[in-house]
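Visitor: Quick one: the structure is below, questions incoming.
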Amino acid sequence: MAEVRSVVDLEDESAVEEQVRKLQSLEHALESEHSELINISQLAVELVSRIEPSNGSDANVVRSQIDDITQRWDGLVSNIDEHTRALVKSEKTEGDHLQRSNSVDEKIEEQLVADEKLEKITDDDDAKHTETSPIRTQLSTVQYSKSEQMPSTSSSSKKIVDLSPLEQFINHVDDVMDGLSKLSEWTISFQSEWNADNVREMVRTCQTKLKEIKEKESRVKQLETELEQLKTANISDEDLSRANDYFEDFTHEWSRIVSKISDTLNSLSTYNRTLQEKDTNSIIAHLDDFLTSAANIMETCIQTPFEEREKRLKNLQAEILSHSKSLTFLEQNHSDKESVEQLKAKMSEVTDTARRMRETCSILLRTEAYLRSTTSSIGDLEGLRRDLESCEVEYLLVDCPYTLHSRTPSLFPV
């Protein structure tokens with residue numbers, strides 16, 4: 001408001017237009033914040049009604065604070081109104097410069113109609129024909145309950161709303177129901193049909209919905225607390241019965257939503273476990289077939305040449321290592337632990353047999369190569385010494401418990 005100038009200081013048309021823009025900017029700013037003022041006033045009314053029985057001094061502090069906010073708000077509205085009327089009377093600008101858009105008027109009209117449907121409006125007959133700007137009537141509207149009406153802080157007209165404890169409770173229940181509307185629609189439109197391709201995605205969706213419903217549990221507990229407070233408040237039996245019925249209707253819908261999500265999630269989880277059981281049973285059958293086949297391969301390997309046997313055993317060990325991952329999966333997920341233990345024992349036996357056969361095959365290959373090699377002739381001491389050392393190395397490589405030196409005396413003393 002400090003930037004708004006007096007009418008006498010507006011010397012030319014550009015100054016007048018600037019003044020109009022400033023007034024309209026202030027007016028729109030107040031319009032945009034008006035809903036917040038209403039919310040603050042309603043919260044103040046609710047707070048006062050709760051704390052006054054036990055702490056009257058704090059209730060008076062809240063009254064004083066909201067009264068101060070209302071005075072400052074009305075002061076701004078009054079100043080804008082005075083500058084607007086002064087500008088029109090000065091004939092320095094056309095009236096249409098100060099007309100608000102139809103959309104703003106329509107918005108205010110819609111809000112007033114909605115308020116009248118939800119709340120009982122009182123003490124407004126004396127304000128219908130007062131000579132104030134349209135924005136003044138709208139922006140100075142503050143809502144209080146009948147038991148907590150604040151003293152008049154301005155000559156501006158106000159619509160004082162009577163919100164009884166019952167009406168406050170019903171409004172709070174409606175607020176929670178509005179927050180549940182999307183969940184309610186989802187439970188109605190949700191199709192309880194699934195298959196192996198979409199079951200996991202649907203489980204995740206239901207888990208997300210269940211998380212959303214848990215986040216709203218605190219609001220439901222607040223409603224339960226409010227209902228208990230109504231039972232001790234000074235309200236009629238008829239109002240208390242209405243509150244109980246209204247809350248009962250809400251709890252029926254709440255229970256329906258929770259049950260739908262929980263039941264669907266349980267069904268999906270059961271179906272998912274069934275699929276997992278089928279998968280694990282298939283893995284068990286496949287792994288058992290592989291181990292049986294591996295045992296047969298090792299038996300036939302004995303009849304093959306050493307080099308071919310080495311290749312087959314090497315490939316078999318690689319396959320055994322790959323299938324051991326399936327065994328780890330079964331240990332973590334299959335419910336039939338006895339079957340898994342049997343497979344584990346069979347896998348261990350096949351693994352050890354393949355390792356021993358490959359080690360034996362390697363020794364036989366080296367022995368065969370040695371026998372096919374040229375040996376040193378009699379009298380070739382150096383050649384015979386090298387042959388002896390080579391034999392000792394072979395024994396050490398296979399973890400032989402003794403060497404040639406420990407078994408027989410050295411034929412070639414140093």
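The numbers here are math on the coordinates, done by the rules we state, and not lab data. Everything numeric here is computed off the predicted structure, so don't read it as measured data. Virtual Cβ from ideal backbone geometry, glycine too; neighbours counted across all protein chains shown.
Visitor: Out of Thr264, Met298, Ile213, whose Cα points farthest toward the positive end of the dipole of the stretch 165-373 (charges: +1 Lys, Arg; -1 Asp, Glu; placed on Cβ)?
Guide: Met298
Visitor: If the stretch 165-373 were replaced by its equivalent ellipsoid, with semi-axes equal to the square roots of 5 times the Cα gyration tensor eigenvalues, what would those be, largest first, whole Å?
Guide: After scaling each eigenvalue by five and taking roots: 71, 15, 12 Å.
Visitor: By per-residue mean of other Cβ atoms within 10 Å, what is the highest-first order of 66-77, 321-332?
Guide: Most protected by this proxy first, the peptides run 66-77, 321-332.
Visitor: Just rank Trp186, Trp254, fewest to most, by other beta-carbon atoms within 10 angstrom.
Guide: By the 10 Å Cβ count, ascending, the order reads Trp186, Trp254.
Visitor: Given R₀ = 60 Å, FRET efficiency for Gln332-Thr232 by Cβ-Cβ distance, to 0.05?
Guide: 0.60
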